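Notes to accompany the following structure.
Only the coordinates and a few stated rules stand behind these numbers; no lab work does. As the structure is a computational prediction, the values presented were derived from the model and not from experiment. Counting neighbours? That spans all protein chains shown, and the Cβs are built from the backbone with ideal geometry, glycine included.
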Ligand SMILES: [Zn+2]
Ligand SMILES: [Zn+2]
């Protein structure tokens, strides 16, 4: 059996993912029984040494430590016990995540979750009690019709036997997009945005939570949400994300 090697990445392919046929790799279009073929996984999903608490990619020199952390986390430890990212937010994952967000494709969801599951296993991340998605504002939810992070959380929770409930975390304020803001402005922009549903807070007290998001950029949103959970009596918070942008 011979398989054609994956061709070099071409960003123009991103928009064409929609048009692929069943049985073709979503990235290189080689015939494959998987959404992303083994050759592309080898090229684009190699495990990376990452910061223990923000999942930023680390230079190889720092990885000798048991719990390696980036300079930013060492200077200002985030309220996370652990952060795990499956892949870097770049080709082809940026395009595949966009496709998933707007098309809700089941095969893409499964492929992304497979990457996350294998990163979690490799990281030895402890199993939480709850797997909760970063909530969207009511306004954004109306606009999009669904919360892609919750769809990922629900599918992964089912697979791992974790509790998952979109009603526990609230986005009580609609904030401006984080993109384009400087780090301190981002922190101010998310302050007061999240809350634990007061009628359900007792269900979270004393439990371990993993937050799921599709993309982690500066981490500001996840850190703020973790703080809200810890204030509500949650014992520990992890962040599980599909893709991590390069540290800024
Ligand atoms: Zn491929
Ligand atoms: Zn870090």
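Using only the alpha carbon atoms of segment 26-124, find the Kirkwood hydrodynamic radius as the inverse mean reciprocal pair distance, in angstroms to one decimal.
Final number for the Kirkwood radius of segment 26-124 is 14.8 Å.
What is the packing order of peptides 157-163, 68-74, taking the mean over residues of other C-beta atoms within 10 Å and listing the highest first?
68-74, 157-163
Hey, what did the chain get for relative contact order, percent, Cα under 8 Å, at least 6 apart?
21
Helix 93-103 against the longest principal axis of the chain: what's the angle in degrees, Cα atoms only, rounded to the nearest 10?
Between the helix axis and the principal axis of the chain, the angle is about 80 degrees.
Principal axes first, then extents: for the Cα atoms of segment 118-248, list largest minus smallest coordinate on each axis, whole Å, largest first.
37, 36, 29
Compute the long axis of helix 220-231 from its Cα atoms, compare it with the longest principal axis of the Cα atoms of the chain, and write down the angle in degrees, 0 to 90, nearest 10.
The helix 220-231 is inclined about 40 degrees to the chain.
Taking the DSSP beta bridges in the chain as the whole, what percent of them are antiparallel, to the nearest 5?
Around 20 percent antiparallel, to the nearest 5.
Applying a 10 Å radius around every beta-carbon, put 105-117, 173-185, 135-147 in order of their mean neighbour count, most first.
105-117, 135-147, 173-185
Have a look at 31, 93, 130 and tell me which one the Gaussian network model of the chain (Cα, springs below 10 Å) gives the largest fluctuation.
Its mean-square fluctuation being the largest, the pick is 31.
In whole Å, what are the Cα extents of segment 109-164 along the three principal axes, biggest one first?
37, 24, 17
Extending each Cα 7 Å along its Cβ direction at residue 235 and residue 159, get the distance between those two points in nm, one decimal.
Simple spin-label model gives 2.5 nm for this pair.
How big, on average over all directions, is the shadow cast by the Cα convex hull of the chain, in nm²?
14.3
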